[in-house]
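Undergrad: The structure is given below, and queries will be raised subsequently.
Just so it is clear, none of the values below were taken in a lab; they were calculated from the coordinates. As the structure is a prediction and not an experimental result, all values here were calculated from the model. Using ideal geometry, Cβ is built from the backbone for each residue, glycine included, and neighbour counts are taken over all protein chains shown.
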Amino acid sequence: MSSQNPVFIPGPTNIPEAIRKACDMPTIDHRSPAFARLFNPAVAGVRRVIGMDQGEVIILPSTGTGGWEAAISNTLSPGDTVLAARFGMFSHRWIDMCQRHGLRVQVIETPWGQGAPLGAIEAALRADTEGTIKAVLATHNETATGVKSDIGGIRSAMDAAGHGAMLFVDGVSSIGSMPFDMAGWGVDIAVAGSQKGFMLPAGLAILGVSPKAIAAMDSATLPRTFFDFRDMLRSYAAGGYPYTPAVGLISGLAHAIEMLEDEGLDAVYARHHRIAEGVRRAIAAWGLTPCATTPDLYSDTVTAVVVPEGCNGTDLVKLAADKYGVAFGVGLGEVAGKVFRVGHLGMLTDVMMLSGLATAEMCMADLGWPVRLGSGVAAAQDYYRGAPAQVARAAA
Ligand SMILES: *Cc1c(COP(=O)(O)O)cnc(C)c1O
């Protein structure tokens, strides 16, 4: 794999040079005021990026998966019921984690390629007259299928049902790249990771926690130690951590947020939308379709491309890596082989994306798939030339 080419996987994403430098720092005493000077701007920045108005930010040395575990183990007790739709590998894994923690999961099976089913969620909540469902789990951006779900719509469904469950949202592959409105959507826990929209190496789980979720931790009896919010919040109040924080990554996080806000969050979201739309135009020109079944579900951070009959998406990913030194994502779970995934989030420009599309075309031609070289690239070029916000002041 070339270290010069960008990656087109949906995380970890390309790391801007300035962020690499921000992570590279000498050791500091994490119990000294120097740490708080690094940490506080990172926390304040996370609040803005996820749209929090109250509650707490928790930053754990972990990954997104650890963020899920922290969310459930701090707020729930064995035998509690949670409601979740399964429509991809990531929604599946969160459900699996809940089951392994001894939670009852009321699963709404949903075809892969679709999003969180608002009607079925509302119906399940209405039917729960005893209020046994303690939390609704939602994957904002299902990275396996490239499907974005309507989190505001889930909040409306919960309100319409008059149900008091908490709302936990996996925003690992959306936060920092697509609009996220924790306060407006009434999200109780939002989970992000450092290696996607924040353009950092893996190593941080980043959570926004509402006052309601914080209150739930007092009665929650699932075991937790490393992820215990109570220890974290006590230590935060004293300007530190209950253990050694990932200081370099936290420094990088503060810098990443500075870069995002320098570009402007709205401009960042517009850039992601524009790059994604170019990818979709290319796919259409190839005569292929995204796995996401309708345009309202299209993700602006990852597209799962359904491959032609008789072709295997994993072959393309392997060839791209071996022959051209370029990384795309393989299909996972139910759609293994049936799709390949193009990650288009983080530090990316129109021009970088064109190189990815050109590489995908070369691979398809090499594999004998029915594609005309240049067709998808030309469709994307046409779109990028005419699309608004041309000055791609990318995070580079
Ligand atoms: C990447 C991802 C995760 C897992 O995060 P890790 O950092 O790999 O633990 C969870 N959910 C979604 C939607 C993701 O894209």
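Undergrad: When Asp315, Asp322, Asp231 are ordered from fewest to most other Cβ atoms inside 10 Å of their Cβ, what list results?
TA: Least crowded to most crowded, the residues run Asp322, Asp231, Asp315.
Undergrad: Something else now. Compute the long axis of helix 89-100 from its Cα atoms, compare it with the longest principal axis of the Cα atoms of the chain, and write down the angle in degrees, 0 to 90, nearest 10.
TA: Around 30 degrees separate the two axes.
Undergrad: Pick from Pro295, Pro111, Pro61 the residue whose mean-square fluctuation is largest in a GNM of the chain, springs joining Cα atoms under 10 Å.
TA: Between Pro295, Pro111, Pro61, it is Pro295 that shows the largest mean-square fluctuation.
Undergrad: Add -39500 (n - 2.57) for each DSSP H run of 4 or more in the chain, then divide by its residues: what number comes out at 222 nm, to the nearest 500 deg cm²/dmol? Walk me through the numbers on the way to the answer.
TA: Values: 13 runs with 158 residues, N = 396.
Value at 222 nm, helices only: -12500 deg cm²/dmol.
Undergrad: Check which residues have an amide H placed less than 5 Å from Asp80's amide H, if you skip close sequence neighbours.
TA: Arg104
Undergrad: Oh, and also: Sequence gap at least 6, Cα distance under 8 Å: using those rules, report the relative contact order of segment 17-261 to the nearest whole percent.
TA: 32
Undergrad: List the residues, sorted by chain then number, that are 5 or more residues from Ser173 or on another chain and whose placed amide H is less than 5 Å from its amide H.
TA: Asn141
Undergrad: Using amide H atoms built 1.01 Å from N in the peptide plane, name the residues 5+ places from Val330, or on other chains, whose amide H lies under 5 Å from its own.
TA: The answer is Arg341.
Undergrad: For segment 242-296 and segment 161-203, write down the distance between their C-alpha centroids in whole Å.
TA: Computed from Cα coordinates, the inter-centre distance equals 14 Å.
Undergrad: Let me ask something else. Just how many % of Cα pairs in segment 1-81 lie over 16 Å apart, if you round to the nearest whole percent?
TA: Distances greater than 16 Å cover 73 percent of the Cα pairs.
Undergrad: Could you order peptides 260-267, 164-171 by the average number of other Cβ atoms within 10 Å of their residues, highest first? Display every interim value, and only then the final one.
TA: Working: 260-267: 15.0, 164-171: 24.4.
Answer by packing, highest mean first, reads 164-171, 260-267.
Undergrad: Only bridges whose two residues both fall in the chain count here: according to DSSP, what percent of them are antiparallel, nearest 5?
TA: Values: 23 of 44 bridges.
Around 50 percent of the beta bridges assigned by DSSP in the chain are antiparallel ones.
Undergrad: Would you mind pulling out the separation of the Cα centroids of segment 342-389 and segment 63-97, in Å?
TA: Between the Cα centre of segment 342-389 and that of segment 63-97, the gap is 35 Å.
Undergrad: Against the longest principal axis of the chain, how steep is helix 375-386, in degrees 0 to 90 to the nearest 10, with axes from Cα atoms?
TA: Roughly 70 degrees, rounded to the nearest 10.
Undergrad: Any idea what the dipole of the chain comes to, in debye rounded to 20, about its Cα centre with Lys/Arg Cβ at +1 and Asp/Glu Cβ at -1?
TA: Its charge dipole is roughly 420 debye.
Undergrad: Using only alpha carbon pairs under 8 Å that are at least six residues apart, calculate the relative contact order of segment 264-395 and give it in whole percent.
TA: Details: 201 pairs, mean separation 39.7, N = 132.
Relative contact order comes out at 30 percent.
Undergrad: Over 18 Å, how big is the tail of the calculated P(r) for segment 98-201, in percent of all Cα pairs?
TA: 49
Undergrad: Using DSSP loop states and a limit of at most 15 other Cβ atoms within 10 Å to flag trypsin sites (Lys or Arg not before Pro), what is the longest stretch of the chain containing no flagged site?
TA: The segment 32-371 is the longest one with no such site.
Undergrad: Sticking with this structure for a sec: Reported to two decimal places, what Rg/Rh ratio describes segment 264-395 when computed on Cα atoms with Rh from the Kirkwood expression?
TA: On the Cα set of segment 264-395, Rg over Rh gives 0.95.
Undergrad: Another question about this same structure. Volume per residue, Å³, of the convex hull around the alpha-carbon atoms of segment 53-118?
TA: 120
Undergrad: Using the Cβ atoms and a cut-off under 11 Å, what net charge is assigned to the surroundings of Thr143, where Lys and Arg are +1 and Asp and Glu are -1?
TA: Around Thr143, the surrounding residues sum to +2.
Undergrad: Within 10 Å, count the other beta carbons around each residue, average over each peptide in 6-14, 177-185, and list them highest first. Walk me through the numbers on the way to the answer.
TA: Numbers: 6-14: 22.8, 177-185: 20.6.
For the peptides 6-14, 177-185, the packing ranking is 6-14, 177-185.
Undergrad: So, one more: Out of Ser73, Ser174, Ser156, any idea which swings most in a Gaussian network model of the chain, alpha carbons joined below 10 Å?
TA: Ser156
Undergrad: Additional query: Short version: ³J(HN,Hα) in whole Hz for each residue of segment 227-244, in order, from phi by Karplus 6.51 cos²θ - 1.76 cosθ + 1.60 (θ = phi - 60°), x for Gly and Pro, what are they?
TA: Each residue of segment 227-244 in turn: 9, 5, 4, 5, 5, 4, 5, 4, 5, 4, 4, 9, x, x, 10, x, 8, 6 Hz.
Undergrad: Arrange the following residues from fewest to most other Cβ atoms within 10 Å of their Cβ: His273, His255.
TA: In increasing order of surrounding Cβ atoms, one gets His273, His255.
Undergrad: Find the percent of Cα-Cα distances in the chain that exceed 39 Å, and round it to a whole number.
TA: Result: 17 percent of Cα pairs exceed 39 Å.
Undergrad: Follow-up. Can you tell me the equivalent ellipsoid semi-axes for segment 183-327? Use √(5λ) from the Cα gyration tensor, largest first, whole Å.
TA: Ellipsoid semi-axes (Å, largest first): 38, 19, 18.
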